[in-house]
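The structure under discussion appears below in the form of structure tokens.
The values are calculated or read from the model by the stated rules, or taken from the named source; none is laboratory data. Quick caveat, the model's predicted, so the values are computed rather than measured. All Cβ positions, glycine included, derive from the backbone under ideal geometry; neighbour counts span all protein chains shown.
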Amino acid sequence: MTLLIKGGIVVTADLEHRADVLVDGETIVAVGLDLDPPAGAEIVDASGNYVMPGGIDPHTHMELLFMGTVSADDFEWGTKAALAGGTTTIVDFCIPDPGQRMPDAFRAWEEKAKKAAGDYSFHLAVTGWDEGTSADMAEIVSKGVNSFKHFMAYKGALMVDDDVLFSSFRTCAELGATPLVHAENGDVVAGLQASLLAAGITGPEGHALSRPPMVEAEAATRAIMIAEMAGCPLYVVHTSTREAHEAIARARARGLRVYGEPLIQHLLLDEERYRDPDWLKAAQCVMSPPFRAKSHQDSLWAGLSAGSLQVVATDHCSFTNEQKRMGMSDFTRIPNGTGGLQDRMRMLWTAGVATGRLTPSEFVAVTSTNAAKILNMYPRKGAIAPGADADLVIWDPAATATVSAADQVSRIEYNVFEGFECRGLPAKVYLRGGLAAEGGQPLVQRGTGRFVARKPFAATQVALKTRRSATAPKPILRGVH
Ligand SMILES: NC(=O)NCCC(=O)O
Ligand SMILES: [Zn+2]
Ligand SMILES: [Zn+2]
């Protein structure tokens, strides 16, 4: 099938220009002014609209067993929500169960992901270390995963210590992979949780109090320094504080390959949510790191336009009201996570581009292209160029909507952005050349999504390898006396 998208403004991470986009089958074959439609081509009028690469959300949790329950959106509903919002690819965290080897977890994720309506890739979580872990990581890399996640929080569950971080980061360096960190000091969090509970603070306000900004700043700084000593890049997920952002910016200023990922939730929602007199409303916002004081938001927005933060994600990990009620008498038992896949792009456009904080090209960079580059799936994903997958969004900058859980795709009953007015919406969303969503409604069935394999040793890792060998320690050769 041939498709010609005519008359729109094509926006890429570095250019806005009037051009038509010609798609043959699943692939973009030409981008240019006044392209002639091949015989039988379907012509789509994009005048008055932008045409941009499909969104990539590099941080999701579909059907994840976590905190004694399973996140409510599986690959089918999560990717349908994503498509409805303009996101055509998600990168989900494959997290081994206790005692499970990585290759077994990978197979389990492959099985779950068969339901996906949109395209997907995986990161693998390193949750411990033994003599077989390096070999497991190598096997995972051979299957098309080039990124490994490390939780510095969730003590007694997923948390790993510095010994594991250093071993794993060095293995990532050897394999040409990128380590990711959930940067919160889990020992401090556990200590604060215990004191707050002992002081009678059992509600969701305790969640934010147990995870102050320094918990994140310390862990981010520590992980950055460990990555520097291991000679690998580092990707800091859900960067929510000024201090963690500044640690990333300082590292980058020193030439380190460190990336920061704010979430759309942290850019727009603040800690007042946890003081809501309605327990359930406050619990719906419980996620880690927690929403912060508004002053942190200015720093995150500045990072996106300055380039010291590269990617906006959702950390979509949704739990129903019933699941949230598991923590009714103890905030540490409220499942951590919120939704956002359908909202990420429309909220970021509204609060970013429509207010002049971001240009359309910066919007494309942080919602799609930068993730594709950092995770090594560019230019197959994240680009509008001949040869790229035809994942395209026709974006109507004048369309408006009010966020409402009543018309969301996600399986949960609420939306943390409820009532927000959006200006700028995805009118049509194409996944590999097929119309996958229109007017906020997904049109494709479960099983349409495909796995996106990502090779190791992107240019950054090649440079780091060269650097490691150029600066490798050498013995002092001494004569024998
Ligand atoms: N973020 C969150 O609260 N839940 C999902 C797991 C994680 O990313 O920490
Ligand atoms: Zn996390
Ligand atoms: Zn997460």
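H238 is checked against (1) touching a strand residue (DSSP E or B) at 6+ places or on another chain (Cβ under 9 Å); (2) on the phi > 0 side of the Ramachandran plot; (3) away from ligand 3 (no atom under 16 Å from the Cβ) and fails just one. What number does that condition carry? Of everything listed in (1) touching a strand residue (DSSP E or B) at 6+ places or on another chain (Cβ under 9 Å); (2) on the phi > 0 side of the Ramachandran plot; (3) away from ligand 3 (no atom under 16 Å from the Cβ), H238 misses just condition (3). G40 meets all of the listed conditions (1) more than 16 Å from ligand 3 (Cβ to nearest atom); (2) in contact with a Ser or Thr (Cβ under 6 Å, 6 or more places away or on another chain); (3) farther than 19 Å from A385 by Cβ but one, namely (2).
Note on the range 42-79: among residues that are outside any strand (DSSP E or B) and over 24 Å from G337 (Cα atoms), the one that is nearest to the chain's Cα centre (by Cα) is G54. Within the range 141-166, the set of residues being farther than 21 Å from D104 by Cα and more than 16 Å from ligand 2 (Cβ to nearest atom) comprises D161, D162, D163, F166.
Taking the range 210-229 as the range and being out of contact with any strand residue (DSSP E or B) (no Cβ under 8 Å at 6 or more places or on another chain), closer than 26 Å to R170 by Cβ and of a type in the set (A, V, I, L, M, F, W, C) as the test, the residues that pass are V215, A217, M225, I226, M229. G144 meets each of the listed conditions (1) surrounded by 18 or more Cβ atoms within 10 Å (Cβ to Cβ); (2) at positive phi apart from (1). Scan the range 368-381 and tell me whether some residue there is of a type outside the set (A, V, I, L, M, F, W, C), within 16 Å of ligand 1 (Cβ to nearest atom) and in contact (Cβ under 8 Å) with a residue 24 or more places away in the chain. No, the conditions are met nowhere in the range 368-381.
Out of everything in the range 89-114 that is buried (at least 20 other Cβ atoms within 10 Å of the Cβ), closer than 14 Å to E63 by Cα and touching a residue at least 40 places away in the same chain (Cβ under 8 Å), what residue ends up being farthest from the chain's Cα centre (by Cα)? The selected residue is A113. The residues of the range 250-269 that are within 16 Å of ligand 1 (Cβ to nearest atom) and touching a Lys or Arg at 6+ places or on another chain (Cβ under 8 Å), listed by number, are I264, H266. Count of the range 154-182 residues, restricted to those that are farther than 18 Å from P233 by Cβ and of a type in the set (F, W, Y), is 1. Please determine whether any residue of the range 28-49 is under 25 Å from P379 (Cβ atoms), out of contact with any His (no Cβ under 6 Å at 6 or more places or on another chain) and without any contact (Cβ under 8 Å) to a residue 12 or more places away in the chain. Yes; the residues of the range 28-49 include at least one that is under 25 Å from P379 (Cβ atoms), out of contact with any His (no Cβ under 6 Å at 6 or more places or on another chain) and without any contact (Cβ under 8 Å) to a residue 12 or more places away in the chain. Summed over the range 173-196, residues that are without any contact (Cβ under 8 Å) to a residue 60 or more places away in the chain, under 22 Å from the mean Cα position of the chain (by Cα) and more than 16 Å from ligand 2 (Cβ to nearest atom) total 0. Total residues in the range 312-346 satisfying the condition of being within 16 Å of ligand 1 (Cβ to nearest atom), outside any loop (DSSP other than H, G, I, E, B) and farther than 19 Å from L180 by Cα: the figure is 9.
Can you confirm whether L341 is touching a residue at least 40 places away in the same chain (Cβ under 8 Å), crowded, with 24+ Cβ neighbours inside 10 Å and farther than 29 Å from R411 by Cα? Against the criterion (touching a residue at least 40 places away in the same chain (Cβ under 8 Å), crowded, with 24+ Cβ neighbours inside 10 Å and farther than 29 Å from R411 by Cα), L341 does not qualify.
For the range 162-216, the tally of residues that are in contact with a Phe, Trp or Tyr (Cβ under 8 Å, 6 or more places away or on another chain), within 16 Å of ligand 3 (Cβ to nearest atom) and either assigned to a loop (DSSP other than H, G, I, E, B) or small (G, A, S) (or both) stands at 1.
When we screen A135, A125, A116 for residues that are among the hydrophobic types (A, V, I, L, M, F, W, C) and under 16 Å from L65 (Cα atoms), the only hit is A125.
Here S210 clears all of (1) closer than 25 Å to P456 by Cα; (2) within 16 Å of ligand 1 (Cβ to nearest atom) except the condition numbered (1). All of (1) farther than 30 Å from R325 by Cα; (2) in contact with a strand residue (DSSP E or B) (Cβ under 7 Å, 6 or more places away or on another chain); (3) not aromatic (F, W, Y) hold for K80 with one exception: (1). Taking V51 as the residue in question, decide whether it is modelled with pLDDT of 95 or more and touching a Ser or Thr at 6+ places or on another chain (Cβ under 9 Å). No: the conditions fail for V51. For the condition away from ligand 2 (no atom under 16 Å from the Cβ), at positive phi and not acidic (D, E), what is the one hit in G85, G78, G48, G55? After ruling out the rest, the residue left standing is G48. For the range 305-335, the set of residues classified as within 17 Å of L64 (Cα to Cα), in contact with a strand residue (DSSP E or B) (Cβ under 8 Å, 6 or more places away or on another chain) and crowded, with 24+ Cβ neighbours inside 10 Å consists of T314, D315, H316, C317, S318, F319, P335, listed by residue number.
A quick yes/no check of all residues on (1) closer than 26 Å to F75 by Cα; (2) modelled with pLDDT under 95; (3) part of a loop (DSSP other than H, G, I, E, B):
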{"site": "Y274", "(1), (2), (3)": "no, no, no"}
{"site": "P277", "(1), (2), (3)": "no, no, yes"}
{"site": "K281", "(1), (2), (3)": "yes, no, no"}
{"site": "S288", "(1), (2), (3)": "yes, no, yes"}
{"site": "D298", "(1), (2), (3)": "no, no, no"}
{"site": "G303", "(1), (2), (3)": "no, no, no"}
{"site": "Q310", "(1), (2), (3)": "yes, no, yes"}
